[in-house]
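The structure under discussion appears below in the form of structure tokens.
No lab work stands behind these numbers, since they all come straight from the coordinates. Since the model is a prediction, treat every value here as computed from it, not as a measurement. Ideal geometry is used to build each Cβ from the backbone, glycine not excepted, and the neighbour counts take in all protein chains shown.
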Amino acid sequence: MEYADFRLAVEAAAKEKGLEKYELYYSKSRSQSLNAFEGQIDRFSLSDSIGVCFRCLMEGKAGYASTEKMSQEEAVRLVESAMESARLVENKDPEFLVEESCSFTPSAFSEEADTEREIQLLLETEKKALSLDPRVTKLGSCALLSGQEEKGIFNSNGVDLLDRNQYYCRYLDPIAEEGGRTYNGMAFEIAREYQQLDTQALIKKAVDSTVEAIGAKRLASGQYPVVLDCR
Amino acid sequence: MTGEFNFSVAEGYLVRNGEICEPVRGASLIGKGSEILMNIDMVSDNLAMAQGMCGSQSGSVPTNVGQPLIRVSEITVGGRE
């Protein structure tokens, strides 16, 4: 059952029980992590999580219940559990719900996650990064993290808010060798949309930051004027 | 929270006569944030902001950070003896 339907089921269950003051908080997220090494995906993780928390007010006391399953039966159980919790609570701190009515629903995610596409992108990223400069011999990391998150809060006073976020984060850590020494560099990019990822720009930044360090000398300790760049 | 810091320099260069010269390695910047802010003596007009995520086990939140290029008149740089 999707959140919109579950919310209706919770509203119906609350009405059935005569419950007038309540709120529902909902969170759903998906995150994926990929790492490429020598032409293969050597690490892959995928995490899906969902949770709903229900809070009700009865005679000034708050009761709570939560679940990770959204179904008709669970909607009823959630309301009953929270009401039971409110009856048992001894805390006398003042409790309230947000009074001001407000509503916002963001646009849907522009695209569904596509693991196969992301794997191909990452393998291509590694291959291109290793071919840009012969002094770069391997990558310490070549990773792509991506995720989608949806959060919502709804209450009996007319608050009805939904928030959606989506991100991609790609990270490169080239290692260069010259004169018996190794040099590390790194670059990363963060994007809201898959189409915003720029492979060439990322690779150039990562490889440049690595090979530019070749021949670096140690500096004598001391007081120096220092320029801090925002690159 | 003392504001003291000790950062290793990931990418750094010597500057001579306004020119970026050879790279340096193994350097660290040591100081106190509040004093560094008071020692900024030049600020560029190239302010750039970037979005990112700041997160921990409890979740992540979108962040927006940035700065122009700045010069600090004096910072303790740790390097070789």
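Laid out as a table, the results:
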| quantity | calculated |
| --- | --- |
| Protection-proxy order for peptides A:17-23, A:89-95, A:204-210, each taking the mean of Cβ atoms within 10 Å per residue, highest first | A:204-210, A:17-23, A:89-95 |
| Under the Debye formula (equal points on every Cα, no solvent term), log10 I(q)/I(0) of chain A at q = 0.13, 0.14, 0.16 Å⁻¹ | -0.83, -0.89, -1.03 |
| Summed residue charge, Cβ within 10 Å of A:Thr105's Cβ, Lys/Arg positive, Asp/Glu negative | -1 |
| Charge dipole magnitude, Cβ of K and R +1, D and E -1 - the protein assembly as shown, Cα centre, debye nearest 20 | 880 |
| Computed [θ] at 222 nm, helices only, for chain A once each DSSP H run of length n ≥ 4 contributes -39500 (n - 2.57) | -9000 deg cm²/dmol |
| log₁₀ of I(q)/I(0) at q = 0.11 Å⁻¹ - region A:1-135, Debye sum with one point per alpha carbon | -0.60 |
| Net charge of neighbours whose Cβ lies under 12 Å from the Cβ of A:Glu2, counting Lys and Arg as +1 and Asp and Glu as -1 | 0 |
| Pairwise centroid distance, computed over Cα atoms, of region A:85-160 with region B:21-70, Å | 25 |
| Shielding score for A:212-220, defined as the mean number of other chain Cβ atoms within 10 Å | 6 |
| Cα-Cα separations in chain B greater than 22 Å, expressed as whole percent | 43 |
| Cβ-derived FRET efficiency at R0 51 Å, A:Glu38 paired with A:Leu8, nearest 0.05 | 0.50 |
| Distance in nm between pseudo-label sites at A:Ser45 and B:Met42 (7 Å out along the Cβ direction from Cα) | 4.4 |
| Sparse-neighbourhood loop sites, GluC sites (Glu not before Pro) in region A:145-220 - DSSP loop, at most 14 other Cβ within 10 angstrom | A:Glu193 |
| Cα-based helix-to-principal-axis angle, A:199-211 vs chain A, degrees rounded to 10 | 50 |
| Ordering of A:25-35, B:13-23 by burial proxy (mean other Cβ atoms within 10 Å per residue, highest first) | A:25-35, B:13-23 |
| Peptide B:19-27 - average C-beta neighbours from other chains (10 Å radius) | 4 |
| With Cα atoms, 0 to 90° folded angle of helix A:115-131 axis to chain A main axis | 20 |
| Degrees between helix A:72-88 axis and first principal axis of chain A (Cα, 0 to 90, nearest 10) | 70 |
